[in-house]
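Asker: Got a structure for you, written out below as structure tokens; questions coming shortly.
We did not get these values from a lab; they are worked out from the coordinates using the rules stated. Keep in mind that this is a model prediction, so the values were computed, not measured. Cβ sites come from the backbone with ideal geometry, for glycine too, and all protein chains shown count toward neighbours.
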Amino acid sequence: MTQTSLEDLRVRVGQEISLSDWITVTQEMVNQFADATGDHQFIHVDPERAAQTPFGGPIAHGFLTLSLLAGRFRTQGSFPQLEGTRMVVNYGLNRVRFITPVPVGSRLRNRAVLLNVEDGSGYAQLTVANTIELEGAPKPAATAETLMRVYL
């Protein structure tokens, strides 16, 4: 993880700021997400029944894929750590799309492009365009803009 300042990020608006490591989506991850959310739809948690669907096997929840933006893609990748800040919190999402189903056993990574840095009272708000890539697929698994508040 690289260290950078908020001022350094300001000059990188429009540029890629992070490309995460690949993460393998396991059945255990899917089952744990199902338990946490109560979403036990068979296409996620029943490999035998899911094999009979057009997906050919279990797929990850779209919201599981999206939730990786909150932690795994940032902690296991190259997302910059901001110097001189008290904390960074998730503020919201814009333009979320689940484009390609994510089969269990496949690998994902996130490509993050900084869209905007906006100053607030005691914080700066970052808008980041995320493309969650599915290894070997022509289209991404998902896209989403994340809003993060960086408290100074």
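Asker: Please report the Cα spread of the stretch 48-137 along all three principal axes, rounded to whole Å, starting with the longest.
Answerer: For the stretch 48-137, the Cα spread along each principal axis is 54, 24, 19 Å.
Asker: Which ordering of Thr24, Thr131, Thr4, Thr146 is given by a fewest-first count of other beta-carbon atoms within 10 Å?
Answerer: Fewest-to-most Cβ neighbours within 10 Å comes out as Thr24, Thr4, Thr131, Thr146.
Asker: A further question on this structure: Dipole size in debye (nearest 20) for the stretch 28-101 around its Cα centre, Lys and Arg Cβ +1, Asp and Glu Cβ -1?
Answerer: That gives a dipole near 400 debye.
Asker: Label point 7 Å out from Leu6 along Cα-to-Cβ: which residues of the stretch 124-152 have amide N under 15 Å?
Answerer: Output list for this probe position: 124-127, 148-152.
Asker: Another one. Around Trp22, which amide H atoms from residues at least 5 apart in sequence, or from another chain, sit under 5 Å from its own amide H, with H modelled in the peptide plane?
Answerer: none
Asker: Given Cα pairs under 8 Å that are at least 6 residues apart, what percent is the relative contact order of the stretch 3-151?
Answerer: 30 percent
Asker: Also, I was wondering about something else. Residue-wise, which Karplus ³J(HN,Hα) couplings in Hz belong to the stretch 19-31, taking 6.51 cos²θ - 1.76 cosθ + 1.60, θ = phi - 60°, and x for glycine or proline?
Answerer: Using θ = phi - 60°, the values come out as 9, 6, 6, 6, 10, 8, 8, 9, 5, 4, 4, 4, 5 Hz.
Asker: Order these by the 10 Å Cβ neighbour count, fewest first: Ser121, Ser106.
Answerer: Ordered from fewest to most neighbouring Cβ atoms within 10 Å, Ser121, Ser106 come out as Ser121, Ser106.
Asker: In a Gaussian network model over the chain where Cα atoms closer than 10 Å are linked, find which of Phe98, Phe33, Phe55 has the largest mean-square fluctuation.
Answerer: Ranking Phe98, Phe33, Phe55 by mean-square fluctuation puts Phe55 first.
Asker: Testing the spin-label approximation: label points 7 Å from Cα along Cα→Cβ at Tyr151 and Ser67. State their distance in nm.
Answerer: So the two model labels end up 2.4 nm from each other.
Asker: When a/c reaches 1.5 or more, the comparison of a/b and b/c decides; with that in mind, is the chain rounded, prolate or oblate per its Cα gyration tensor?
Answerer: prolate
Asker: Can you list residues whose amide H is under 5 Å from Ala142's amide H, if they're 5+ apart or on another chain and H is modeled 1.01 Å from N?
Answerer: So Ala142 has HN proximity to Ile99, Thr100, Ile132.
Asker: Starting at the first residue of the stretch 32-48, write each ³J(HN,Hα) from the Karplus equation 6.51 cos²θ - 1.76 cosθ + 1.60 with θ = phi - 60°, in whole Hz, x for Gly and Pro.
Answerer: 5, 5, 4, 5, 5, 9, x, 8, 9, 4, 4, 5, 9, 10, 10, x, 5
Asker: Quick check for me: using +1 on Lys/Arg Cβ and -1 on Asp/Glu Cβ, what's the dipole size of the stretch 93-135 about its Cα centre, in debye to the nearest 20?
Answerer: For the stretch 93-135, the charge dipole is close to 220 debye.
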